[in-house]
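Bear in mind these aren't lab numbers, they're just calculated from the coordinates by the rules spelled out. Remember, it's a predicted structure, so these values are computed and weren't measured experimentally. Because the Cβ atoms are built from the backbone with ideal geometry, glycine has one as well, and the counts that use them run over all protein chains shown.
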Amino acid sequence: MGRELSREFARAAALTAALFSPGGIVVAVLYGAGFLDGDVAFVAAVAILALAALIAIPGVVSLGAARSAIERLGPDAARPERAPRNIPLSLAARAIWPPLMRLRRSWHAEIARAEARLEAAEAVIAATPDPLILIDRQRRIVRANVASARFIGPGAEPRDLAGALRNPVLLAAVDAMLRGEPVRHVEFSLSVPVERVLRAHLARIGNGTSDDPGLDGAAAILTLHDVTELKRSEQMRADFIANAGHELKTPLAALIGFIETLLGPAREDGVARERFLGIMREQAARMARLVDDLLSLSRIELNEHVAPTDRIALAPVIDEVARGLELRAAERGIRIVHALPPDLPELQGDRDELAQIFQNLLDNAVKYARPHSEVTVTGGVGGAAAALVRITVADQGEGIPGQHLPRLTERFYRVNTARSRDLGGTGLGLAIVKHLVNRHRGRLEIASTLGRGSTFTVWLRAAGPR
């Protein structure tokens, strides 16, 4: 309060001096020229000073009161059109009060509109389904929407884009755009946590030198579009054509040969016709299985980057799969034994896909086990805080040479091509298992001992607490 009074006194003194100066100068000139004696000049000077003070002090006090009153009018205060009566304002100050209040209302209305526009822009950025990142002139991330978190991870802004997206192709494009090159599109890949292909759209904001505080100094915008599914579809189409053409060539050639024989030399040979038709049916069934497995693998790969989220009890799934294979196993004298612990936790997964995993593993075990042996299914938990569930399928077959183990999950890879085809295999079963396990964010381990058999162990995520 004392400091404020000192400032008001200094203002009053300065204004009094300014008002006194013209009259004081005139009196001094008249006194110097001899037109006024000393007493008259002194009285005149005092009178002019008093008049200046009478004019200055009320004006300063009134303006000070008006300033205090204006400062007390916060955003939520009442907005009186008339000047407050309890504040000592001059007539001039009271006259300017109404237009001042109207100006204040206009400012508040403009601020409200600006805040509404800013909130709408923030809502649009937050709701944008594609990742959207704002970058400043130093290539730092200054703002990012929720959708971008799965690519750049959590972290406080600003931070360098290179620390969030370590891809030289993208960083080079961003640097070029910030230097003033035209809007750019670039494709790049991320390998973790799963491989993705992204298309980035880069554009400067305004002239690329934005200092707008509402944009946190952003000079450019980076939007990301996940084109993994599109790229996988293109690759799968190419793979399907190549693989299907290769695998279908042999049975198609056999079918064509038998058809030509039946239309020619064996037209009237009933015994040959029955034998050839049986072989043709087997070849056609083999092609149907191949097409089914290729389509299944294509669907799995298409969704491999999206992890399933259902809670599944695994024991009933394996029990159902084992019952479906009991008849085939009995034909070879094989017994399927599954002894899963009763406290096996639920899994995070897709029921049909989990059934397909163990259908393929158990089907392979039944095919390649020795007659009159056992196929066993065991399980348990492992990993940090029992976060993983282990399921092992073991057979008592001839075993697999070690050099073949790393390639067993490749498409169409067979240890013994002739035996696999004789048993009705398409060469895609373990490839399907691998991609399904990948989609469940698990892993597949294969071990084998010649003469004793093979074990296939699947590690899957346990579902969290309910």
message: Between GLU410 and ALA17, what is the label-point separation in nm under the 7 Å Cα-to-beta-carbon projection?
response: 9.6
- request: Report, to two decimal places, the Cα Rg of region 229-306 normalised by 2.2 N^0.38 Å (N = number of residues).
  value: 1.51
query: What spacing in nm lies between the two simple spin-label points modelled at THR378 and ARG332, each 7 Å away from Cα in the Cβ direction?
result: 2.2
- prompt: Quick one: length gained pulling VAL306 to GLU346 fully straight, 0.36 nm per residue minus the C-alpha distance?
  reply: 12.5 nm
task: Starting from the Cα gyration tensor of region 307-466, take the square roots of the eigenvalues, sort them a ≥ b ≥ c, and report rounded, prolate or oblate (rounded when a/c is under 1.5, otherwise prolate if a/b is larger than b/c, else oblate).
output: prolate
query: For the residue pair GLN403 and ALA164, what label-to-label distance in nm results when each label sits 7 Å from Cα along the Cα-to-beta-carbon direction?
result: 5.0
task: Would you mind calculating the gained length between ALA116 and THR449 on full extension (0.36 nm times residue separation, minus the Cα-Cα distance), in nm to one decimal?
output: 112.8 nm
field: Extension gain, ALA339 back to LEU252 (0.36 nm per residue minus Cα-Cα distance, nm)
entry: 27.0 nm
